[in-house]
Amino acid sequence: MSGRIRLGIVGAGAIAENAHIPAALSSNLAELTALSETNQSRLRYLQQKFSLKHEICFVDYRDVFTRADAVIIALPNHLHASLGCEFLSRSIHVLCEKPLATSVQECETMLEASRSTGAVLAVGYYTRFFSSTNLLKRLLETRLLGTISSFEYEFGTEGGWAPLSGYNLTRQTAGGGVLVVSGSHFIDRMLYLFGPARILSYKDDAHGGVEANCVAAFDCQDSGNSVEGHVTLSKTHRLSNKLRIVGANGTFEVAEGQSESVAYYPRDSDLRHEISFTSPITGSAGDDHFKMEIEDFIRAIRTGGKPMVNGQEGTESVALIEECYSIAQPIDEPWVDQSLKLIMGSIPPLDKSVGTRGTIQEFLGN
Amino acid sequence: MEIRKVLITGATGFVGSRLCEVLFLTRCVDARVFIHSTASAARIARFPLDFVVGDLCDRNAVAKAVEGCDAVVHLARGTTRVMQKGLRNLLTAASAHRVSRFIHMSSVAVYGNNPPDGSASETEPAHKTDLAYGNAKLEEEELVFTFSKRFALPVVVLRPPNIYGPYSGFTLGLIDRIRSGKMGLVDGGKNPCNLVYIDNLIQAILLALWKSEAVGEVFFVTDAQCISWQTCVADYASLLKIPISSIPSLTRVQPSSRPHIFRDSVRALPRVFLSGEFRSVIRQVPLIAMIETNLYERFQSLSPERQEEIRQRLNGGSSGTRNNSPSAVDPRDPMIVAQRRSVVHSSQKAGRLLGYNAPISYSEGMRLTECWLRASRRI
């Protein structure tokens, strides 16, 4: 396949507007030939913003089938599998926004669709394109740290990404909360850096919805040694926002968003070394990681090689997330539940307070 | 009429999020939440609620959101447009759907920066003052009662003072100011702080939903105990391991007022003239250097008390008697201005008519607040 790949983008939410459309338009390897979005006013807005031709904008995603050789799926998470399979089964290559799907079962249907037609299935974990991710992998292989004993990753913000569709508000549409939205990037990197991981414990603050805070402990392997990793994620408050890997000889540290280098703190020393590649490995994409992602996807299509993150790897991170949720325990939050009975104890008209899920009286009786 | 479903506006805010938590966890009523941005909804998305994303200024969206709800709790704040047009849309829809309760969250700020002594109880009428936020809340109250009279909408207005607790802006603001050395105590912090713990306010909202005696009334909602600013600031300082003695005591803080460009400029001039930077430049003019030296010597000849008094006047009225520099404290900071209020707003009326009893004590409220501050690494 030579010339530019005909690329479609399915879903025109915030990530499409801020990342995928600009990246696709700036790439010499792709030609944006279709954009689909069910919300007409949103579609018109993006058409004007990016000066897109009217003929390439569609309300119905099925119009993309004949107009693209490859698509980026940038839809709410619960739609990834069904629409992804529709494209894959038509031999249209798919770069799917993370997470690949909301369950392993859904991921497997996508893998099967990809296998049966030979269409490439890639997953949009853009932080894999950070030089620091590559560099960290290389540095771990050099054994500079000696035997690795543990790692700790924290990422927390007050609020965060605001998907226009609001899909992030429910478990059905998002597949999870902060673990999926923020944490899946790290879960993917953790599997890349350390290989298969075993979940030791997982706690979150969800009450039937999607968690805003979670803490997880994983057991990973490093040359036959057990490495315990702790992950803390929050959408209600700031955390240290970095990854620290501790070894016998010192510590590697990568701050969130630190895309070009890795900090090395030798043990028993007050030195800090900033390690980076001698020359950038960004190629024509500069520091646009979404453009790198698209061009890596196109390279995989052209060469038949593996994209940076393929469907199998995307499935592995979904599997680990699914396992976390299956053993979830509640985070201790005394400020949430310890005063409830005091508040409700003095509400007098108990017989009038009837929600569809029970009564105050039942609550107080528990 | 039974209340089965409540529409909550401003549900992603501090009060709204806690109300959603309590409603869901106690299973007492179902909530539909009207939110403007999903970015700040993480706290309430922990619950499988009925989410509606929209703009209060969009009349159709508001009407649709109210449909099927038996009551409305209006907590949303925002621009003047949201506070007036958004509220009007909501009141219109609530009247049309004949909801059995419309609870409007106002504030004791309706009495301005210098609340009269009579505002110990709700019988004291509120008027326009020099506090913009209070005026906006007062205009909202007036709109709410207009709809109550015109359409027999069963409204309740709640006026809390400083709301503290987990996620509270008051709590976080105080922590930030103490930590950064920008907090001071006016007259040693002797005046009442007028606090309500968030869960006590939630109890008042629930009582206002169900008690028929609430309809058409305005209620102050406060804690049972009256805490002074000194106690309040000392307790937060203690959480930060900062000695209360290091927080400067301020006197003669002028009440906040609307900006007066000319007057404020004139008042600022002495500070500019006396600043080291200005003097070092102006001293290059020999005549001025001579006058300046003369004035400085006269100043030095005054008693220390007189010198201090002059410094206070020139520095906008603040004076430090502790270790920290009082000049770091902005006398126009709302948390400084608020300390000049001597009135204690009483929630006796809420107790009498609603059975409100502020079940969470100050010490318990502070204990729960500390748990959260530690868990969220604020301290």
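When B:Gly189, B:Gly169 are screened for being in contact with a helix residue (DSSP H, G or I) (Cβ under 8 Å, 6 or more places away or on another chain) and surrounded by fewer than 20 Cβ atoms within 10 Å (Cβ to Cβ), only B:Gly169 passes. Scanning region B:51-63 for residues that are surrounded by 24 or more Cβ atoms within 10 Å (Cβ to Cβ), out of contact with any strand residue (DSSP E or B) (no Cβ under 6 Å at 6 or more places or on another chain) and under 24 Å from B:Val157 (Cβ atoms) turns up at least one hit.
Scanning for something without any contact (Cβ under 8 Å) to a residue 40 or more places away in the chain and in the same structural domain as A:Gly146 (by TED's automatic domain parsing), does region A:233-244 turn up at least one residue?
We begin by selecting, within region A:233-244, every residue without any contact (Cβ under 8 Å) to a residue 40 or more places away in the chain; these are none.
Among the residues of region A:233-244, not one is without any contact (Cβ under 8 Å) to a residue 40 or more places away in the chain and in the same structural domain as A:Gly146 (by TED's automatic domain parsing), which makes the answer no.
Among the residues of region B:331-379, what is the count of those that are within 28 Å of A:Leu340 (Cβ to Cβ) and among the charged types (D, E, K, R)? Steps first, answer last, please.
Filtering region B:331-379 for residues within 28 Å of A:Leu340 (Cβ to Cβ) gives B:345-379.
Then drop every residue that is not among the charged types (D, E, K, R), which leaves B:349, B:352, B:364, B:367, B:370, B:374, B:377-378.
So the answer is 8.
Within region B:78-110, which residues are within 26 Å of B:Lys211 (Cβ to Cβ) and among the hydroxyl-bearing types (Ser, Thr, Tyr)? Residues satisfying the conditions are B:Thr92, B:Ser95, B:Ser100, B:Ser106, B:Ser107.
Considering region B:164-216 alone, what residues qualify as being in a strand (DSSP E or B) and either away from every other protein chain (no Cβ under 14 Å) or free of Cβ contacts under 8 Å to residues at least 12 places away in the same chain (or both)?
Quick first cut of region B:164-216, residues in a strand (DSSP E or B) only: B:164, B:185-186, B:192, B:195-197.
Answer for region B:164-216, where residues must be in a strand (DSSP E or B) and either away from every other protein chain (no Cβ under 14 Å) or free of Cβ contacts under 8 Å to residues at least 12 places away in the same chain (or both): B:Leu185, B:Val186, B:Pro192, B:Leu195.
A search for C-beta distances below 9 Å between a residue of region A:17-45 that is over 20 Å from A:Tyr61 (Cβ atoms) and of a type outside the set (A, V, I, L, M) and any residue that is at pLDDT 95 or above and assigned to a loop (DSSP other than H, G, I, E, B), counting only pairs 6+ apart in sequence or on different chains, returns A:Pro22/A:Phe50.
Screening region A:295-366 for helices (runs of 4 or more DSSP H) wholly inside it with 2 or more residues that are surrounded by fewer than 16 Cβ atoms within 10 Å (Cβ to Cβ) and modelled with pLDDT under 95 returns the ranges A:340-345, A:360-365. Could you count how many residues in region A:124-143 are in contact with a Ser or Thr (Cβ under 8 Å, 6 or more places away or on another chain) and either under 18 Å from A:Leu83 (Cβ atoms) or of a type in the set (A, V, I, L, M) (or both)? Residues that pass the stated criteria total 1. Between A:Thr315, A:Thr278, A:Thr303, the distinction of being touching a Cys at 6+ places or on another chain (Cβ under 8 Å) and not aliphatic (A, V, I, L, M) belongs to A:Thr315 only. Filtering A:Val231, A:Val246, A:Val262, A:Val215 for residues that are aliphatic (A, V, I, L, M), buried (at least 17 other Cβ atoms within 10 Å of the Cβ) and within 14 Å of chain B (Cβ to nearest Cβ) leaves a single hit, A:Val215. Within region A:121-160, the set of residues being within 19 Å of the chain's Cα centre (by Cα), outside any helix (DSSP H, G or I) and not aromatic (Phe, Trp, Tyr) comprises A:Leu121, A:Ala122, A:Val123, A:Gly124, A:Glu152, A:Glu154, A:Gly156, A:Thr157, A:Glu158, A:Gly159, A:Gly160.
Residues in region B:215-246 that are over 16 Å from B:Val186 (Cα atoms) and surrounded by fewer than 16 Cβ atoms within 10 Å (Cβ to Cβ) were compared, and the one that is nearest to the chain's Cα centre (by Cα) is B:Cys226.
In region B:4-49, what residues are assigned to a strand (DSSP E or B) and either facing chain A (nearest Cβ under 10 Å) or out of contact with any Asp or Glu (no Cβ under 6 Å at 6 or more places or on another chain) (or both)? Reasoning before the result, please.
We begin by selecting, within region B:4-49, every residue assigned to a strand (DSSP E or B); these are B:5-9, B:30-35.
If the condition is that a residue be assigned to a strand (DSSP E or B) and either facing chain A (nearest Cβ under 10 Å) or out of contact with any Asp or Glu (no Cβ under 6 Å at 6 or more places or on another chain) (or both), then B:Lys5, B:Val6, B:Leu7, B:Ile8, B:Thr9, B:Asp30, B:Ala31, B:Val33, B:Phe34, B:Ile35 are the ones that fit.
Hey, could you check region A:161-193 for residues that are assigned to a loop (DSSP other than H, G, I, E, B) and surrounded by 22 or more Cβ atoms within 10 Å (Cβ to Cβ) and say which is nearest to the other protein chains (Cβ to nearest Cβ)? Per the criteria, the residue is A:Gly177.
The sole residue among B:Gly86, B:Gly78 that is assigned to a helix (DSSP H, G or I) and either under 22 Å from the mean Cα position of the chain (by Cα) or aliphatic (A, V, I, L, M) (or both) is B:Gly86.
The values are calculated or read from the model by the stated rules, or taken from the named source; none is laboratory data. Predicted model only: the values in this text are computed from it and were never measured. Neighbour counts are summed over all protein chains in view; Cβ atoms, including those assigned to glycine, are modelled from backbone coordinates with ideal geometry.
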